[in-house]
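Working notes for the structure below.
The values are calculated or read from the model by the stated rules, or taken from the named source; none is laboratory data. Everything numeric here is computed off the predicted structure, so don't read it as measured data. We place every Cβ from the backbone using ideal geometry, glycine too, and count neighbours over all the protein chains shown.
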Amino acid sequence: MFIPKTIAVASCFAAVLLSGCGSNVVSFKKNVEPVLAHNCAMCHSPGGIGYAMTGFSVQDYATLMKGSKFGPLVDPGSSKQSNLIWLLRHGAHHIMNMPKECEHLAADGKCTVASEYPRRLPASQVNMIAKWIDQGARDN
């Protein structure tokens, strides 16, 4: 009797460990921030055209979570309710969808003129940001 109980307990413990969230947790600093820095920051930080038009900055976690002058873009726990994901998945008019290509880069590295039509981020990157939001959009 001792051995089957031990095996059963060990099996349950292994199942919990294997289904745990260790490698499934999306990190803002390791996963999300680099995508935003590479694709969004030249427009959506002070000095950029996107920031000038919307007040939205991806400069850091606090400014991302603050949102734009039109309201928040991230609804922690719900990527379906987050405007950021809606815009990245091109659910709006092409003028609003993101990210845009920079057509004029200033000496300070900020984009002062962006293209009218957006480009698409790889689905894997958008899905990863959506997963981070669904996991609570934590500053991790």
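What's the number of the condition Arg120 fails, among (1) in a strand (DSSP E or B); (2) surrounded by fewer than 15 Cβ atoms within 10 Å (Cβ to Cβ)? In the conditions (1) in a strand (DSSP E or B); (2) surrounded by fewer than 15 Cβ atoms within 10 Å (Cβ to Cβ), Arg120 misses (1) alone. Looking only at residues in the range 45-69 that are in contact with a Phe, Trp or Tyr (Cβ under 9 Å, 6 or more places away or on another chain), farther than 17 Å from Ala137 by Cβ and without any contact (Cβ under 8 Å) to a residue 24 or more places away in the chain, the one that is surrounded by the most Cβ atoms within 10 Å (Cβ to Cβ) is Thr54. Among the residues of the range 64-84, those that are of a type in the set (Ser, Thr, Tyr) and closer than 16 Å to Ile129 by Cα comprise Ser78, Ser79, Ser82. Annotation note: Cβ proximity below 7 Å between a residue of the range 120-140 that is under 21 Å from Ile95 (Cα atoms) and a residue that is not β-branched (Val, Ile, Thr) (sequence gap 6+ or interchain) occurs for Arg120/His90; Leu121/Asn39; Leu121/Leu88; Leu121/Pro99; Val126/Leu88; Val126/Arg89. Of everything listed in (1) among the aliphatic types (A, V, I, L, M); (2) without any contact (Cβ under 8 Å) to a residue 24 or more places away in the chain; (3) surrounded by 17 or more Cβ atoms within 10 Å (Cβ to Cβ), the single unmet condition for Met42 is (2). Against the test of being at negative phi, at pLDDT 95 or above, β-branched (Val, Ile, Thr) and outside any loop (DSSP other than H, G, I, E, B), the options Val25, Val35, Val16, Val9 yield a single qualifying residue, Val35. Taking (1) outside any helix (DSSP H, G or I); (2) farther than 18 Å from Glu33 by Cα; (3) among the charged types (D, E, K, R) in turn, Lys80 satisfies each apart from (1). If you take the residues in the range 123-140 that are in contact with a Pro (Cβ under 7 Å, 6 or more places away or on another chain) and not in a helix (DSSP H, G or I), which one is farthest from His44 (Cα to Cα)? If we take residues in the range 123-140 being in contact with a Pro (Cβ under 7 Å, 6 or more places away or on another chain) and not in a helix (DSSP H, G or I), then Gly136 is farthest from His44 (Cα to Cα). In the range 83-117, the qualifying residues are those that are part of a helix (DSSP H, G or I) and touching a residue at least 40 places away in the same chain (Cβ under 8 Å), and the one that is nearest to Met53 (Cα to Cα) is Leu84.
Looking at this structure, is Pro72 of a type outside the set (Gly, Ala, Ser) and touching a residue at least 24 places away in the same chain (Cβ under 8 Å)? Considered against the rule, which asks whether it is of a type outside the set (Gly, Ala, Ser) and touching a residue at least 24 places away in the same chain (Cβ under 8 Å), Pro72 comes out as no.
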